[in-house]
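Here is the structure we will look at, set down as structure tokens.
Values in this text are rule-based calculations from the coordinates and carry no lab data. Computed from a prediction, not measured in an experiment: that's the story for all the values here. For neighbour counting, all protein chains shown are included, and Cβ atoms are generated from backbone atoms with ideal geometry for every residue, glycine included.
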């Protein structure tokens, strides 16, 4: 029981000390460590975000979270409902971070919350590839390149079934051609390699989802 209580205390402390920021993907680079080895990294631009709402568990909200706004947008292009929620300020994007506590409305969060060595997870929307076939989308090998094959080199093959398989219909989850990309993806266990709070730049190890300019959520627990 004592060990379980200790784990709960550690979990609560981790939630309260969770660090996060919204950042735009700029591109990839390499960073040389103290051992002289080069590591691939992604440059992120983290502009300061403003806390616009704090949700606490137990009141009218059923969970703890912090809503933040980033960027500047003309108020004439924003609905009155959103303007009322943000106290008349225009933000290009509003995101909510669950589990975060300890902030007040009006507080500003910037890149300085992170330090080199922090382990983070980065979430964002992947690049959109459009309508793609099964070879590109699912890695199918395609049909044979010989023996009379002419027009079905990249075809998916049979999608139906007879007898016992799905009763002759197309089974749910069948891998077929369709829209590829634009999925929300989270990459975990990335390390902070460089932090330049004055310039608002962060470099994280490895690759992150999205194209250049994609808004990403960087969270450290």
Rounded FRET efficiency, nearest 0.05, which uses the C-beta distance separating residue 87 from residue 39 and R0 of 45 Å: 0.60
Rel. contact order, % - alpha carbon contacts under 8 angstrom, at least six apart, the chain: 29 percent
0 to 90° range, to nearest 10: angle between helix 2-16 axis and the chain longest Cα axis: 80 degrees
Pairwise FRET efficiency - residue 141 versus residue 212, Cβ, R0 = 35 Å, nearest 0.05: 0.60
Spacing of the two label points (7 Å from each Cα toward its C-beta) at residue 132 and residue 32, in nm: 3.6 nm
Spin-label pair residue 125/residue 191, simplified geometry with 7 Å Cα→Cβ offset, distance in nm: 3.3 nm
Convex hull volume of region 25-115 per residue (C-alpha atoms, cubic angstrom): 128 Å³
Order of 83, 190 - criterion: other Cβ atoms within 10 Å of each residue's Cβ, fewest first: 83, 190
Ranked packing of 192-204, 94-106, most packed first, by mean Cβ within 10 Å: 192-204, 94-106
Spin-label pair residue 103/residue 175, simplified geometry with 7 Å Cα→Cβ offset, distance in nm: 4.0 nm
Over 16 Å [Cα-Cα, region 131-181], rounded percent: 51 percent
Range of Cα positions in the chain per principal axis (Å), largest first: 69, 57, 52
